[in-house]
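One structure is given here, and the rest of the page talks about it.
Bear in mind these aren't lab numbers, they're just calculated from the coordinates by the rules spelled out. The structure displayed is predicted, hence computed values, not measured ones. So basically every Cβ, Gly included, is an ideal-geometry build from the backbone, and we count neighbours across all protein chains shown.
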Amino acid sequence: MRNTMKTILCLLFFISLFFATFKYAEAQVEQPQKENSFIDRFYIGGNLGAQFGTITSVDVSPLIGIKIYKGLTGGIGFTYQYFSDKNYDPKFQTSLYGGRLFLRYYLPILNEGIFLHAEYEMLNYENIIIDNNSGRVVDQFRDWMSSYLVGAGYRQNIGGKVFIDFAILWNLNDKPDSPYRNPIIRIGINFGL
């Protein structure tokens, strides 16, 4: 399953790179620059994710961003994740939720499609204590965890003001109870206003 997912992600990346080549060629033709209004600087979007089976995970992460300066955007987002693991007796299920702040810098190559990403995220999660002898959950409590995510990605225009983002991020605060395993792969969609 993991190899299939890697193959699909690689295929999506190369297809996007193929289309980016054509977009880059189109961008080489001089076009007059128009003045953008304040609202044109905003975009909305986010990520959706799901995994089902012994371990079930559903992720909904909307965001809103603004173009701060040429090539630099920033924004805020909300994250909600449902998590269930049938390996425990009784089955462990919980919800994680929190917010994030991010900055992206689009490099002036490939029509500004390649970006660097930095993010600070705070998630409230349910921590569990397991009895080593029986494997049963003996205590549960909620706590906050900070994550510092950095990485790079590629943005592909799919029409008008609609973009798909592919990003590979690294959690600099990788702990055993972190909800992420490095590397973190994100695929999202954004809509310009």
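A few points about this structure:
- Length available on full extension from D40 to R181: 0.36 nm per residue minus the Cα-Cα distance, which gives 47.2 nm.
- Applying 1/(1 + (r/R0)^6) with r as the Cβ-Cβ distance of I130 and Q51 and R0 = 22 angstrom yields a FRET efficiency of 0.50.
- Net length available on complete extension from D89 to D174 is 27.9 nm, with 0.36 nm assigned per residue and the Cα-Cα distance removed.
- Of the residues Y69, L103, L116, the one whose Cα sits farthest toward the positive end of the charge dipole of segment 49-193, with +1 on the Cβ of Lys and Arg and -1 on the Cβ of Asp and Glu, is Y69.
- Local electrostatic count at N182 - Lys and Arg +1, Asp and Glu -1, tallied over other residues with Cβ under 12 Å: +1
- Charge sum, other residues only, whose C-beta stays under 14 Å from R142's C-beta, Lys/Arg counted +1 and Asp/Glu -1: -4
- Packing-based ranking of 178-187, 98-107 yields 98-107, 178-187, ordered from highest to lowest mean Cβ neighbour count within 10 Å.
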